[in-house]
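Here the structure is laid out as C-alpha cells; the discussion comes afterwards.
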Amino acid sequence: MSMVRIGVRNLWRSKLRLVLVAALIGTPFFLLLVMESIGDAVQRQTDVLKESVNNTLQLRARGSMGHVNMVGNEDILPQDALAKVKSVDHVAKAEPYLLAMTPTEGHNFAMVVGVDPDDTRRLESHGEAGNPKIIAGRDLTEADRGKRVAIIGQGFAKWAGLKPQDIGQATLTLDFKRTHPVIFALDRPPVTLTIVGIYASGYVFGDMQLFMPLDTFREVYGVREGISWLYVRADSAEHLPAVEKELRATLGNVADIISPTTVAEFQTTATRAVQRLASSGIALAAALMVIVIFFVMLLVVRERAWEIGTFKALGASNSGIVIGFLTEAVLMCAIGALTGALLFALGGGPLAQLIFGLGITPFLPAHYNTLASTLALTPRFGPATLGILIMACLFAAIAGSAWSIRQIIRLSPMEAIRHE
C-alpha cells in the first residue's frame, strides 16, 4: 500500500510535465470519444430503423408505384383498403400516403408527399427510414391539417433557393402543368405552399421531397379518394407473417405487399462502414496513448534509476516498485482521460460532424452522403462511455509501461548507484 501512496505522490513531482502529459494523452482520448460517439450515433440510427421496420409492410396498387402523375404508375389503392387493413388482427397502425412528382432541372424530379401530421415521414426509395431530422423551422402538426403548408428536404430547398433563415415566410409554388419524361401534366391551377420547416434525411433522394398534410394534398391535386402507399405496422415482428397472410386474403389482387429491405441495406453498407472506420479511429487513439505513456515512463524510469536502486537496496520488492510506477501511469492516463472528456463535452459535437463529413462520408455509398446532418452527434456520457475510458486508461498504462517495467525489474542496486 505504501508503494501506491508513493506512486500517487510521484505524480505531482513535476507539475509542468504533468500538464504536458495531460494534454498529450487528452488529445487521443478526445479522438477516442469522438469516434465512439460517431459509431454509437450510427448504431442508434440503425436500431431506431429496425424498431420501425421489422414489423412493417408496405402496400401499393397492384403493378403500380402509386404516384398520381407518373406515366404508367398512376393507379392507387382504393380508399376502402384502409378500413379493411385496420380490421385485420394484430395491426397496430395503418399510415396512408399520397405521392406525386414534380420536375426540377433536366431529367431530375422531386417527390411531393401527402401525409397525416401524426404519421411517419417516410422517404421515397427508403420508405422505412422515417421521421427525418428537422434542421430549420418546425415539423407538421395537427393544426396544419388542410392548410397549404409543407416541410421540405434540404436538397429540394437548395434547388428552390430556400434558406433556413427564411422559413416561415418562404414559399414554394407547385405548377401541375409542368411535364417530364415520366411525369404527365395535371389540369390544375398552381398552388403556393408556405414552407414551415427544412429536414435532413441522410439520403440524397430522401432530401428531394416535400411533405404536406394529406388533406391538403387531396385538395390541391384533386384526389378525393385513394391511397398511394399504405404502411401497415403489426403489433410485433412475430405477428408480421400472420398479418401479411391475412392482408393478402383480405385485399386479394388489389395490392402488392412489400417488405421493406432498406434497413438491411443500410446496416450492411453505412452502419458497417462507419463502425469499421470508427473502430480504426479508436485503435489509432489507443496506439497514440500507448506511445505517449511509453516515452513518459521511459523518461521517468531513467530519471529515477538511483531512486529505484535505493529502494531495492533497502529491500523493496520488484512487484512493489512496479505497482508504484503503474499507479503513476494509471493516474496520468486518468488525468488525460478527464482532460479529453472535458474537451469532448465542450466541442465534441461540431468536431464529430466535421470528422464524419470529411473522414467518413467519402467511404459511404453516394446516396448516404448527407447522413452526417441527420445523426445526433452530440456528446453523450453514459455507463458505456465511462467503461471505455476506464478500459482505455488501464490498457494504455499497462501497455505503455511494459518496457519500463522490464527495465525496473532488470535494474540492480549496484548498477543504479554506479550509473549515478
Query raised in the report: Do we have residue 228 as touching a His at 6+ places or on another chain (Cβ under 8 Å), surrounded by 21 or more Cβ atoms within 10 Å (Cβ to Cβ) and over 17 Å from residue 98 (Cβ atoms) here?
Result: no
Report task. Considering only the range 51-93, state which residues are of a type in the set (D, E, K, R) and either surrounded by 20 or more Cβ atoms within 10 Å (Cβ to Cβ) or outside any strand (DSSP E or B) (or both). Result -> 51, 60, 62, 74, 75, 80, 84, 86, 89
Report task. List every residue pair whose Cβ atoms lie under 6 Å apart, where the two residues are 6 or more positions apart in sequence or sit on different chains, the first residue falls within the range 380-402 and is under 13 Å from residue 290 (Cα atoms), and the second residue, located anywhere, is among the small types (Gly, Ala, Ser) and in a helix (DSSP H, G or I). Result -> 393/334; 393/337; 397/329; 401/329
Query raised in the report: Pick from the range 156-193 the residues that are exposed (fewer than 12 other Cβ atoms within 10 Å of the Cβ) and either touching a His at 6+ places or on another chain (Cβ under 8 Å) or hydroxyl-bearing (Ser, Thr, Tyr) (or both): which of them is farthest from residue 104 (Cα to Cα)?
Result: 192
Query raised in the report: Restricting attention to the range 194-213, and to residues there that are surrounded by fewer than 23 Cβ atoms within 10 Å (Cβ to Cβ) and either touching an Asp or Glu at 6+ places or on another chain (Cβ under 7 Å) or basic (Lys, Arg) (or both), which single residue is modelled with the highest pLDDT?
Result: 197
Report summary line: Looking across the range 94-134 at residues that are of a type in the set (Gly, Ala, Ser) and modelled with pLDDT under 85, the single one that is surrounded by the most Cβ atoms within 10 Å (Cβ to Cβ) is 129
Report summary line: Note on the range 63-77: residues of a type outside the set (A, V, I, L, M) and under 18 Å from residue 94 (Cβ atoms) are 66
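The values are calculated or read from the model by the stated rules, or taken from the named source; none is laboratory data. Predicted model only: the values in this text are computed from it and were never measured. Using ideal geometry, Cβ is built from the backbone for each residue, glycine included, and neighbour counts are taken over all protein chains shown.
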